[in-house]
Amino acid sequence: MKLFTYHGSSASYRVRIALEWKAIPREDVFVDIREGAHLEEDYLRLNPNARVPYLVDGEVRAGQALAILEYLEEAYPERPLLPADAAGRARVRELALLVVADIQPLQNMGPVRYLGDPLGLTAADVGRWYLHWVSRGLAALESMLAGHPSTGRFCHGDTPTLADVCLVPQLVNWTRKGGGSLDAWPTLDRIFAACQQIEAFERADPLRQPDAPKR
């Protein structure tokens with residue numbers, strides 16, 4: 001199995017967490033999207049969508065993090081990341097999609113760069129854009145999780161699910177690059193702390209990847 005990845009990509013981070021959680025061996029192929037490696041001819045032949053992550057598993061080819069996560073769940077069912085019941089799976093997918101479909105697209109590198117050039121927004125304007133949309137999404141997540149009977153140590157119950165796999169990279173992005181504090185969302189803060197105690201989440205951290213800048 002090969003995973004085409006970039007340390008700073010939240011989508012790649014999600015897939016790394018799942019692979020670590022399921023203890024699936026892989027070879028990482030690093031694609032430096034900030035230097036334009038995703039636009040090089042060889043990579044475009046493999047993945048015309050020019051995004052990371054991208055998974056190659058034998059004859060299987062898959063892009064889009066959530067599609068990869070669903071594939072891993074079906075092809076490698078050990079240590080599942082989806083609940084056994086239909087209602088639980090629906091809730092976990094709803095929480096995961098709130099992050100990957102509602103929050104992340106509005107903060108991705110491509111759209112954010114486009115706000116500055118060619119649209120001409122200042123860095124301060126772009127910062128306000130980021131804070132508005134991400135905090136709005138995190139507030140919605142907090143409301144959906146706080147006090148819900150299915151919320152446990154993690155987003156759904158007492159073991160990690162795809163919801164946690166999708167949430168943690170978003171919160172890492174927020175705490176390290178954006179708003180900083182999670183004080184306004186105590187349930188998210190508590191779940192984040194619980195996930196950070198798990199070795200699979202720790203090993204997948206962007207700062208621990210071989211292509212991360214050396215500090």
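Considering only residues in segment 14-48 that are buried (at least 16 other Cβ atoms within 10 Å of the Cβ) and acidic (D, E), the one that is nearest to L3 (Cα to Cα) turns out to be D28. Taken as a whole, the condition of being over 22 Å from R34 (Cβ atoms) and at pLDDT 95 or above applies to L167.
Give me the helices (runs of 4 or more DSSP H) completely within segment 79-168, filtered to those with at least 1 residues that are under 21 Å from the mean Cα position of the chain (by Cα) and under 21 Å from L188 (Cα atoms), ordered by residue number. Where helices (runs of 4 or more DSSP H) fall fully within segment 79-168 and carry at least 1 residues being under 21 Å from the mean Cα position of the chain (by Cα) and under 21 Å from L188 (Cα atoms), they are 86-97, 123-145. For the condition of a type in the set (S, T, Y), surrounded by fewer than 13 Cβ atoms within 10 Å (Cβ to Cβ) and more than 30 Å from V31 (Cβ to Cβ), S150 does not qualify. A search for C-beta distances below 9 Å between a residue of segment 41-56 that is closer than 22 Å to A204 by Cβ and in contact (Cβ under 8 Å) with a residue 12 or more places away in the chain and any residue that is buried (at least 17 other Cβ atoms within 10 Å of the Cβ) and among the charged types (D, E, K, R), counting only pairs 6+ apart in sequence or on different chains, returns P53/R14; P53/R16. Within segment 64-96, being closer than 17 Å to T151 by Cβ and of a type outside the set (D, E, K, R) holds for L81, L82, P83, A87, G88, A90, V92, L95, A96.
Got at least one residue in segment 179-202 being under 20 Å from V52 (Cβ atoms), surrounded by 13 or more Cβ atoms within 10 Å (Cβ to Cβ), of a type in the set (A, V, I, L, M, F, W, C) and in contact (Cβ under 8 Å) with a residue 40 or more places away in the chain? Yes; the residues of segment 179-202 include at least one that is under 20 Å from V52 (Cβ atoms), surrounded by 13 or more Cβ atoms within 10 Å (Cβ to Cβ), of a type in the set (A, V, I, L, M, F, W, C) and in contact (Cβ under 8 Å) with a residue 40 or more places away in the chain.
May I ask you to list the residues in segment 24-66 that are hydrophobic (A, V, I, L, M, F, W, C) and closer than 22 Å to L162 by Cβ? Of everything in segment 24-66, those that are hydrophobic (A, V, I, L, M, F, W, C) and closer than 22 Å to L162 by Cβ turn out to be I24, V52, L55, V56, V60, A62, A65, L66. Among the residues of this structure, L69 does not count as one that is closer than 18 Å to T161 by Cα, in contact with a Ser or Thr (Cβ under 7 Å, 6 or more places away or on another chain) and either among the aliphatic types (A, V, I, L, M) or assigned by TED's automatic domain parsing to the domain that holds C155 (or both).
The values are calculated or read from the model by the stated rules, or taken from the named source; none is laboratory data. Keep in mind the model is a prediction, meaning the values are calculated, not measured. Cβ sites come from the backbone with ideal geometry, for glycine too, and all protein chains shown count toward neighbours.
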